[in-house]
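The values are calculated or read from the model by the stated rules, or taken from the named source; none is laboratory data. Note that this is a predicted model, so its numbers are computed, not measured. Methodologically, a virtual Cβ is constructed for each residue, glycine included, from the backbone with ideal geometry; neighbour enumeration extends over all protein chains shown. When the accessible area is computed, the model is the full protein with side chains, heavy atoms only, and any ligands, DNA or RNA have been set aside. Shrake-Rupley method; radii C 1.70, N 1.55, O 1.52, S 1.80 Å.
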Amino acid sequence: MPVTQPLETPIAYDRIRAVEWLDGRIRLIDQRLLPGKFEHLMLQTLPEAVHAIRDMAVRGAPAIGITAAYAVVLAAHTRYAENPTNWQAALEPDLRMLAEARPTAVNLRWAVERMRACITTLSGDPLPVLLAEAQRIHAEDIAANHRMGELGAALIEPGSGVLTHCNTGALATGGYGTALGVVRAAYAAQRLNAVYADETRPWLQGARLTAWELVQEGIPATVIADSAGARLMHEQRVQWVIVGADRIAANGDVANKIGTYNAAIVARHHGVKFMVVAPISTVDMATPDGAHIPIEQRAESEVLNFAGQQTAPEGARAWNPAFDVTPAELIDAIVTERGVVLNPSREKMAALMRT
Ligand code: MRU
């Protein structure tokens, strides 16, 4: 499968870009098709971006935030062309629709708010200023991932095995990845002897996307059924579970892909360390704890079918929460670009945010 992105940085294992601004449009790798097909989607309007986010063509908290930032550029350009004197008011419903495309990942709302703050200062053609801001959001995310990679890798003893859940790599971010960025950095530093990826039902982000990224980079990857994690830890094949986050509440509780909570409980039982890796844009100090994080419920059909084939009998129902909440007490380390919080608590999160 071709990786079209040239090396942009001297960082090892950093070749994939899920979201790009190209010729006045947003270019996305269509993540619904991987690993079977590598195809791009070109988005020209904000409603197209909303659809791509809802329908999982682009997914992963930072990647949807970055896509949203570029979508604001497209929409502002359109609204300004329609009405150069009152385009900001016309843009408001667009911004609301974008921010609500998916509810759990706070990076989406965060990116829309950052673009909105920029809009309020503008007069004249908004495109150059807003594009520069969206590109800054994108570049900052990649830089944060590189930094988190270094900080997270330093926590891992040489010779370790790691288990990761969902996809937190270049596909889920501006580039390089959060938890998978730590895996990339730790592998480059020769600290890892095994990388396991949960397949991550029902969307298979682990089997389809994480394994694809690792194979692209030449990093050996072993996919396991989600239910094999306890056995894996019982056999002491991994010393760390490393995951990303869609939202970190003020007390250190973490919302992430459904199944993360299971992995954290099993890890604690087996004495395996649990690391959450996420940029500061994922920390939401306005959400006091995990109980206040909105959890996206997705269609029953995602659980009742597999690869387009119905797997449950007609008449069966499904319950399909897309995320769960791992309580702070099950987390050994939260790694951000500003630093590492060991055994997170409300006080430690507040101190991190003050730095
Ligand atoms: O439903 P998804 O695929 O958007 O869920 C993604 C996750 O849960 C990731 O772990 C999270 O967004 C962190 S990505 C760096």
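Rounded to the nearest percent, how much of the accessible area of the chain (1.4 Å probe, protein heavy atoms only) is carbon and sulfur? Could you put the intermediate results ahead of the total?
Numbers: 7750 of 14380 Å².
Carbon and sulfur together cover 54 percent of it.
Between beta-carbons, use under 12 Å as the cut-off and find the net charge around residue 339, counting Lys and Arg +1, Asp and Glu -1. Don't jump to the answer; show the numbers that get you there.
Values: positive: 147, 338, 348, 354; negative: 150, 337.
It works out to a net charge of +2.
Provide the per residue accessible area, probe 1.4 Å, for the stretch 236-285, rounded to a whole number of square angstrom.
That works out to 30 Å² for each residue.
P(r) for the chain, please, calculated from all Cα pair distances in 20 Å bins and given in %.
P(r) for the chain, in whole percents per bin: 32, 59, 10, 0.
Using θ = phi - 60° and the Karplus relation 6.51 cos²θ - 1.76 cosθ + 1.60, list the HN-Hα couplings for the stretch 285-298 in order, rounded to whole Hz, with x at every Gly or Pro.
Once rounded to whole Hz, the list reads 5, 7, 9, x, 7, x, 5, 9, 8, x, 9, 5, 9, 10.
Ordered by residue, what ³J(HN,Hα) values in Hz, to whole numbers, does the stretch 130-142 give under the Karplus form 6.51 cos²θ - 1.76 cosθ + 1.60, where θ = phi - 60° and Gly and Pro are x?
Values, residue by residue: 5, 5, 4, 5, 5, 5, 5, 4, 5, 5, 5, 5, 5 Hz.
Residue 21's amide H: which non-local residues (gap 5+, or another chain) put their own amide H closer than 5 Å, with H modeled 1.01 Å from N in plane and none for Pro or chain starts?
27
Whole-Hz ³J(HN,Hα) for each residue in the stretch 87-99, computed from phi via Karplus 6.51 cos²θ - 1.76 cosθ + 1.60 with θ = phi - 60°, x for glycine and proline: what do you get?
For the stretch 87-99, the Karplus curve yields 5, 4, 5, 5, 7, 3, x, 4, 5, 5, 4, 5, 4 Hz.
Taking amide hydrogens as modeled 1.01 Å from N in the peptide plane, which residues meet the under 5 Å criterion relative to residue 323, leaving out close sequence neighbours?
258, 296
For residue 86 and residue 37, calculate 0.36 nm times their separation in residues minus their Cα-Cα distance, and state this gained length in nm to one decimal.
Result: 13.3 nm gained on full extension.
Could you report the stretch 52-174's accessible area per residue, 1.4 Å probe, as an integer in Å²? Don't skip to the answer; put the middle values down first.
Values: 4220 Å² over 123 residues.
On a per-residue basis, the stretch 52-174 sits at 34 Å².
With a cut-off of 18 Å, note down the residues of the stretch 141-164 whose backbone N falls inside the zone around a label point 7 Å from the Cα of residue 189 toward its beta carbon.
In the stretch 141-164, the label zone of residue 189 (backbone N under 18 Å from the point 7 Å along Cα→Cβ) covers 143-164.
Give the aspartates and glutamates whose C-alpha is closer than 15 Å to that of residue 257, dropping any in the same chain fewer than 8 places away, or say none.
The qualifying aspartates and glutamates are 198, 199, 226, 246, 296, 302, 324.
Search the structure for amide H atoms under 5 Å from the amide H of residue 164, placed 1.01 Å from N in the peptide plane, and list their residues when 5 or more places away or on another chain.
It is 196, 197, 198, 242, by chain and number.
Give me the Debye-computed log₁₀ of I(q)/I(0) at q = 0.14, 0.24 Å⁻¹ for the stretch 40-128, equal point scatterers on Cα only, no solvent, two decimals.
For the requested q values the scattering log ratios are -0.43, -1.17.
Could you tell me which GluC sites (Glu not before Pro) in the stretch 241-336 are loop residues by DSSP with no more than 13 other beta carbons within 10 angstrom of their beta carbon?
314
Specify whether the C-alpha gyration tensor of the stretch 147-286 places it in the rounded, prolate or oblate class, a ≥ b ≥ c being the square roots of the eigenvalues: rounded for a/c under 1.5, otherwise prolate if a/b is larger than b/c and oblate if not.
On the way: a/c = 1.25, a/b = 1.12, b/c = 1.12.
Because its axes are fairly even, with a/c under 1.5, the stretch 147-286 counts as rounded.
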